[in-house]
């Protein structure tokens, strides 16, 4: 998808790898000035080598105080992609406090915190903006050992709608992209059983998992003016899974 984001500044969380990294690179290629945020410095270093000119911020979004300090120097942002997430897979009866707190801290609380900072800046500057939250089809269906992860993504669905309602009068649009399995390092945890992975793929009407490019293109579409009347929506990139 050829879109032009020149003159716009974009912040992508969880930009060190996976969907976030590919999104940061695509925005950079489309002319945006990109701020890539990750907790892993080595990933940011390699990203900067691939895309000179990208700004990087190294911080653990699970740490509220450190995040507040890091965001204080980010500057104006026009486009925000809340992608950072952890998947700590445990059976429901074995979920620990640590896994619960860490998952909600990174997957949901950081979306509140980062979005508040960015949206306040947009409002102060009197500019429109677009925010895309990276959710999952597990907001609607779940898989074994995903009780906590699914809960964070289900909550993100309602948060997206609420943000769209309250920020809409300020010309700030908020949407989510909800992919099925995307072949990233994080998804490998849930696909460690080859037979489960095979059966899961077969349950998708298109007989495939989501391509990274398709997910990134959906994010870019929602960030762009081509979706100017879309807000509060969840865009499924699920190869038809929820239709099956």
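The values are calculated or read from the model by the stated rules, or taken from the named source; none is laboratory data. Only a predicted model underlies this, so the values are computations on that prediction, with no experimental measurement involved. FYI the Cβ positions are ideal-geometry reconstructions off the backbone, even for glycines, and counts take in every protein chain you see.
Within segment 139-149, identify whether any single residue is under 25 Å from residue 229 (Cβ atoms) and either assigned to a loop (DSSP other than H, G, I, E, B) or in contact with a helix residue (DSSP H, G or I) (Cβ under 9 Å, 6 or more places away or on another chain) (or both), and answer yes or no. Yes.
Residues that are in contact (Cβ under 8 Å) with a residue 24 or more places away in the chain, in a helix (DSSP H, G or I) and out of contact with any helix residue (DSSP H, G or I) (no Cβ under 8 Å at 6 or more places or on another chain) were ranked within segment 19-31; the one that is farthest from residue 108 (Cα to Cα) is 28. Taking segment 118-138 as the search range and keeping residues that are part of a loop (DSSP other than H, G, I, E, B) and crowded, with 22+ Cβ neighbours inside 10 Å, which one is nearest to the chain's Cα centre (by Cα)? Looking at residues that are part of a loop (DSSP other than H, G, I, E, B) and crowded, with 22+ Cβ neighbours inside 10 Å, I get 135. Checked against the criterion of being surrounded by fewer than 24 Cβ atoms within 10 Å (Cβ to Cβ), touching a strand residue (DSSP E or B) at 6+ places or on another chain (Cβ under 9 Å) and either under 18 Å from residue 75 (Cα atoms) or at pLDDT 95 or above (or both), the candidates 35, 12 yield just one match: 35.
On the stretch given as segment 201-236, residues that are modelled with pLDDT of 90 or more and assigned to a helix (DSSP H, G or I) total 15. The strands (runs of 3 or more DSSP E) found wholly in segment 32-95 and carrying at least 3 residues that are touching a residue at least 24 places away in the same chain (Cβ under 8 Å) and touching a helix residue (DSSP H, G or I) at 6+ places or on another chain (Cβ under 8 Å) occupy 33-38, 79-82. Scanning segment 190-209 for residues that are within 18 Å of residue 86 (Cα to Cα) and touching a residue at least 60 places away in the same chain (Cβ under 8 Å) turns up at least one hit. Per the listing 177, 141, 181, the residue uniquely surrounded by 15 or more Cβ atoms within 10 Å (Cβ to Cβ) and at pLDDT below 95 is 181.
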